[in-house]
1. Condition check: of a type in the set (Lys, Arg) and crowded, with 18+ Cβ neighbours inside 10 Å. Does Arg84 satisfy that?
2. Exactly one condition in (1) under 26 Å from the mean Cα position of the chain (by Cα); (2) in a strand (DSSP E or B) is not met by Arg237; state its number.
3. Can you find a residue in the stretch 47-61 that is in a helix (DSSP H, G or I) and of a type in the set (Ser, Thr, Tyr)?
4. If you go through the stretch 247-255 one residue at a time, do you hit one that is closer than 20 Å to Arg305 by Cβ and basic (Lys, Arg)?
5. Got a sec? Which of Val247, Val231 is outside any loop (DSSP other than H, G, I, E, B), closer than 26 Å to Pro93 by Cβ and of a type outside the set (Lys, Arg)?
6. Only one of (1) in a strand (DSSP E or B); (2) within 23 Å of Asp202 (Cα to Cα); (3) free of Cβ contacts under 8 Å to residues at least 60 places away in the same chain fails for Thr310. Which number is that?
7. In the stretch 107-140, how many are in contact with a helix residue (DSSP H, G or I) (Cβ under 7 Å, 6 or more places away or on another chain) and over 23 Å from Ala77 (Cβ atoms)?
8. Does the stretch 176-216 hold any residues that are polar (S, T, N, Q) and under 26 Å from Arg92 (Cα atoms), and which are they?
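The values are calculated or read from the model by the stated rules, or taken from the named source; none is laboratory data. As the structure is a computational prediction, the values presented were derived from the model and not from experiment. Cβ coordinates were reconstructed from backbone atoms using ideal geometry, including for glycine residues, and neighbour counts include every protein chain displayed.
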Amino acid sequence: MKLPCPLPLSLLSLALFSGAQAASSTTPTFKLVLKVEEPRIESAQVKKSALLKSWPMNAKGVKLSKQAGKFSSLLSAGLDIAERQIDARTPRPAIFRKVGAAWVATQQNGLTLDRAATKANILKAIRAGQSSAEAVVKVTAPQRSVQILADRGVLAHVSAGTSSYKGSPPFRATNVLVGAAKLDNFFVAPGHTFDFAKEVGDISASTGFVKGYVISGGTLEKEDGGGICQVSTTVFRAMYQAGLPIVERHEHSHRVEYYDPVGFEATVYAPQKNLRMKNDTGKYLFVQASWDRKAQTLTFDLFGRKPDRTVSIGKPVVTGFKPAARPSYSPDPRVAAGGRRLLDVPVQGMTSTIVRSIKTSNGKVSKDTLKSVYKPWGAVYGVNPGDGRLR
């Protein structure tokens, strides 16, 4: 059988387009349209973002509705689809995200379709010969909204603190992320002293932490929350970079490489050691945590009033080196009798000083020194719980 000669592609496209135009001219598409606005913070100002979405309605149902002057059941399927999608939009609290080089705070409002009012809108638009009708929705703002951020003066990025927990064993990585999540998205009121222990709360298996090694009695022992100091160190760095005054801060008893640069850290061990920093910015601070599981990095970002001061932090100056201490031993049931397993490497004793300079908008400069004195530390070996070296 001989096939007819095909049309050139350009003519075929024109023919299809013309056909589509002809079809659309006889059966125009009627749409249900959703139009709502949501606020955002950008460039330290509250702005509006438009949310637009539409759903095509059954052409035959539109025709019958116009003829009969009442809402046709053929339109219900399209309305059902729109309702499911609209009602699925639940409130999401306002958070900041980095968009290019700028920080933008957005929220998601919850939406609920008013079905009766929307049906009335559809019928009214059809009878008036219009091509669309607007959906009627109830809007529910999240508990932490963009407006709340703005009312509290949280309009700009203030500072950030980062650290790496690369190479951490699974127990440590777990505790770092559990602890960071407990400090994600909270406010520090103006004049209020941030209290790490109070904000994180109970550090135990009941709150999601697992057992891990902590420094205790000159060696390592397993307790719930081993590695939590990665969290305190990182949030300390963000607050220190913001220029906040230190109320309470402690260094580890010996240098730990997870917290390098040496001395730029803060250990916690409730109730003896805590981290406390005062919010002296005159406005609320909003704290966000983020992490990269693959790269094993942790970050805290602080948001608030646009900084009216410049903070510079010098590099550590390390002096007073002392030789490492003798080895110590910790019980480890994975080790056979008579054997040993390296848990931690020896480290020299040393003293680190870091100078912070704070320059205010009127040109006044103040300085403070972060001093950390580290004792010599010996290698720590895990040995069988019945090993005589534990005595």
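1. Working: of a type in the set (Lys, Arg): yes; crowded, with 18+ Cβ neighbours inside 10 Å: no.
Considered against the rule, which asks whether it is of a type in the set (Lys, Arg) and crowded, with 18+ Cβ neighbours inside 10 Å, Arg84 comes out as no.
2. Going through the list (1) under 26 Å from the mean Cα position of the chain (by Cα); (2) in a strand (DSSP E or B), Arg237 breaks only (2).
3. Within the stretch 47-61, the subset in a helix (DSSP H, G or I) is 59-61.
Checking the rest, the ones that are also of a type in the set (Ser, Thr, Tyr) come to none.
No, that holds for no residue.
4. First, the residues of the stretch 247-255 that are closer than 20 Å to Arg305 by Cβ: none.
Checked against the condition, which is being closer than 20 Å to Arg305 by Cβ and basic (Lys, Arg), the stretch 247-255 yields no hits at all.
5. On the way: Val247 fails: closer than 26 Å to Pro93 by Cβ.
Testing whether each residue is outside any loop (DSSP other than H, G, I, E, B), closer than 26 Å to Pro93 by Cβ and of a type outside the set (Lys, Arg) leaves just Val231.
6. With (1) in a strand (DSSP E or B); (2) within 23 Å of Asp202 (Cα to Cα); (3) free of Cβ contacts under 8 Å to residues at least 60 places away in the same chain applied to Thr310, the lone miss is (2).
7. Count: 1.
8. The first filter runs over the stretch 176-216 and keeps only residues polar (S, T, N, Q), leaving 185, 193, 204, 206-207, 216.
Residues satisfying the conditions are Asn185, Thr207.
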